[in-house]
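Please read the structure below before turning to the comments.
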Amino acid sequence: MKTVSIRQSIQLTTLLCLMLLINACQSEVVELENEVVVTQVVEVEKEVEVIVEKEVEVIVEKEVEVVVLPDVDPLNVSGNLIIAGSSTVFPLAERMAERFEQEGYSGKMTIDSIGSGGGFERFCEAGESDISNASRAIKDSERESCLAIDRDPIEFRIGTDALAVVVSNSNDFVTDVTLEELVQIFSTADMWSDVRNEWPAESIERFIPGTDSGTFDYFVEEIFDKDKEPILSAANTQLSEDDNVLVQGVQSSEYAVGFFGFAYYVENKDTLNVLSIESIEPSNETVDAATYPIARPLFMYSDASIISSKPAVADFLNFVLTYVNEEVVDVGYFPANTEVLNAAKLAWLAAN
């Protein structure tokens, strides 16, 4: 009969218990009883039980209970929806709309990509849209406009975006920039060599989102301390509210540079290179750890009166909050954590 030491028994049993955390733990102790003296095994079992109990307590404390919304069957949803706003949120909203339709929704849904600012104008001033997509939080002035037409915006966070600063894949000299260099690249530097001596003495061609874009607002806030003047005064700068136009512009020259939502980089990664910022690449890990310097939340906004009077709006928002984390990574963004989604779900429940 093969024998093992008491120390080996404790180590092995503890490892199995921590891995399984279920009744299998007890069965492993029973098996080990055949390997050691019975009077010694009793002491081992007691020590293992204490260790397992402590470990389970730690895990339970870290668990976050998921808020579950009422089931929605798109087959039973009727009525039309009007959605407008952020070009960054657009691909994710479009994906969720496609899935909603694939699962049975037969109404008419329109989604317009007009920038976060344009979306809030349509939602808060014209009162034409049911849902406003945004890649930044609503401004106080926009909220006041909403309140003036008896709309009180409710915020639903649906994911996270890492802003992608990109160059053409024909560019073989830029891979990583500092925040200070990023300021130069999008403002005062005329040539790449103005930023680093070893870079080419070629003009920087800039492609940036338009001023109605939440992406523009966020970049200016984070990189230029909310001062638009330097970036708007830079030479060789083209602006567009259409991120696909920006992609095409960067693709066209090895000396071009631009920025937009990460999903547009993912969609075109065969022709674009994404830059690291302060030697940190955008990834799920760096976004989760909040180490990537230019990551920002993605939102949908609506209003309780709209949600209560248009069941299709309530049902679609429910559907988005329930299933968005199954789609967000494939679209090219990063999932919101459980606490964030729970807060959005509770806001939905409060509005219904």
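The values are calculated or read from the model by the stated rules, or taken from the named source; none is laboratory data. Predicted model only: the values in this text are computed from it and were never measured. As a convention, Cβ positions derive from the backbone with ideal geometry for all residues, glycine included, and neighbour counts pool all protein chains shown.
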>> Step by step: first the residues of segment 309-321, then only those that are more than 11 Å from I131 (Cα to Cα) and in contact with a helix residue (DSSP H, G or I) (Cβ under 7 Å, 6 or more places away or on another chain), then the one that is surrounded by the most Cβ atoms within 10 Å (Cβ to Cβ). Which residue is that?
In response: V320
> Pairs, please: C-beta under 6 Å, at least 6 apart or cross-chain, first residue at positive phi and in segment 266-292, second surrounded by fewer than 18 Cβ atoms within 10 Å (Cβ to Cβ) and outside any loop (DSSP other than H, G, I, E, B)?
Replying inline: S279/D176
> Pick from segment 106-118 the residues that are within 24 Å of F260 (Cβ to Cβ) and free of Cβ contacts under 8 Å to residues at least 40 places away in the same chain: which of them is surrounded by the fewest Cβ atoms within 10 Å (Cβ to Cβ)?
Replying inline: T110
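Each row is one residue, and each column tells you yes or no for (1) in contact with a helix residue (DSSP H, G or I) (Cβ under 8 Å, 6 or more places away or on another chain); (2) touching a residue at least 12 places away in the same chain (Cβ under 8 Å); (3) over 23 Å from A84 (Cβ atoms).
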position: D176; (1), (2), (3): no, yes, yes
position: L179; (1), (2), (3): yes, yes, yes
position: R196; (1), (2), (3): yes, yes, yes
position: A201; (1), (2), (3): yes, no, yes
position: P209; (1), (2), (3): yes, yes, no
position: V220; (1), (2), (3): yes, no, no
position: P230; (1), (2), (3): yes, yes, yes
position: L246; (1), (2), (3): yes, yes, no
> Yes or no: F260 surrounded by 23 or more Cβ atoms within 10 Å (Cβ to Cβ) and in the same structural domain as F219 (by TED's automatic domain parsing)?
Replying inline: yes
>> Can you find, within segment 152-189, the residue that is nearest to E121 (Cα to Cα) among those that are among the acidic types (D, E) and loosely packed, with under 15 Cβ neighbours inside 10 Å?
In response: D152
> Is it true that S305 is over 23 Å from S213 (Cβ atoms) and under 12 Å from the mean Cα position of the chain (by Cα)?
Replying inline: no
> When only residues in segment 135-155 that are in contact (Cβ under 8 Å) with a residue 40 or more places away in the chain and assigned to a loop (DSSP other than H, G, I, E, B) count, which is nearest to the chain's Cα centre (by Cα)?
Replying inline: S135
> Which one of V329, V324 is crowded, with 22+ Cβ neighbours inside 10 Å, out of contact with any Asp or Glu (no Cβ under 8 Å at 6 or more places or on another chain) and either among the basic types (K, R) or in contact (Cβ under 8 Å) with a residue 24 or more places away in the chain (or both)?
Replying inline: V324
